[in-house]
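Just below is one structure, and these are the notes that go with it.
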Amino acid sequence: MPFKQVPVLIVDGNTEIAQSAVMLRYLAKKHGLVAKTVEEQAVCDMYAEYIQDFIMNIRPWIWTITRGSSEEEKQEKFNNLFVPQVTENFGPIFQKQLEKSGTGYLVGELTWADFMLAEWSDKIVTVGKSDILDNFPKILEHRNKILLLPNIQEYLKNRPDSKF
């Protein structure tokens, strides 16, 4: 492992690729899920990096779930950290971009960044609170559009249970 941490993608038994967003960009290039123009690619990168920032911002809440914290601590982090991050930052930012795009995707057509957004939108409503994105219908439409793709459906049926 190049950085002594997971995840690591091993390609052809010898190339090790670390860092989640780098792996996603690699797979996108390999499978044709990269935006067409360099400007759209930059927009995908921008939103993907924002999702990484969002994850860092809610990490203390995630830890309450994954590390067996008390219900009181979970609720405190949920109310004072998770909810404001979703409703004041994540929700408005992605709702605006999806409205601007007008295609149901972040930049006009399906890209790797759409999978990242759908993953975290799904975590927000399944691990967080089922109605928390109700004021952001474009995000919910996007999430459903991606999660209903046949290959994603197949994966979701067979993946191991895990919150994060």
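The values are calculated or read from the model by the stated rules, or taken from the named source; none is laboratory data. On a predicted model such as this, the values are computed, not experimentally measured, just so you know. No Cβ is skipped: glycine too gets one built from the backbone with ideal geometry, and neighbour counts run over all protein chains shown.
Here are the numbers:
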{"item": "Unmet criterion (only one of (1) among the acidic types (Asp, Glu); (2) outside the structural domain of residue 110 (by TED's automatic domain parsing); (3) closer than 26 Å to residue 101 by Cβ) for residue 45", "result": "(2)"}
{"item": "Number of the exception - residue 146 against (1) surrounded by 15 or more Cβ atoms within 10 Å (Cβ to Cβ); (2) at positive phi", "result": "(2)"}
{"item": "Search result, residues across segment 112-131 that are of a type in the set (A, V, I, L, M, F, W, C) and surrounded by fewer than 17 Cβ atoms within 10 Å (Cβ to Cβ)", "result": "127"}
{"item": "Failed condition for residue 56, given (1) over 22 Å from residue 124 (Cα atoms); (2) exposed (fewer than 13 other Cβ atoms within 10 Å of the Cβ)", "result": "(1)"}
{"item": "Pair list, Cβ < 9 Å and 6+ apart or interchain, from segment 60-89 residues that are surrounded by fewer than 16 Cβ atoms within 10 Å (Cβ to Cβ) to residues that are part of a helix (DSSP H, G or I) and of a type in the set (S, T, N, Q)", "result": "70/64; 73/64; 75/64; 76/64; 89/57"}
{"item": "Set 29, 96, 36, 4: member being of a type in the set (Lys, Arg), farther than 19 Å from residue 129 by Cα and touching a residue at least 24 places away in the same chain (Cβ under 8 Å)", "result": "36"}
{"item": "All positions within segment 130-158 that are in contact (Cβ under 8 Å) with a residue 40 or more places away in the chain and of a type in the set (A, V, I, L, M)", "result": "132, 133, 139"}
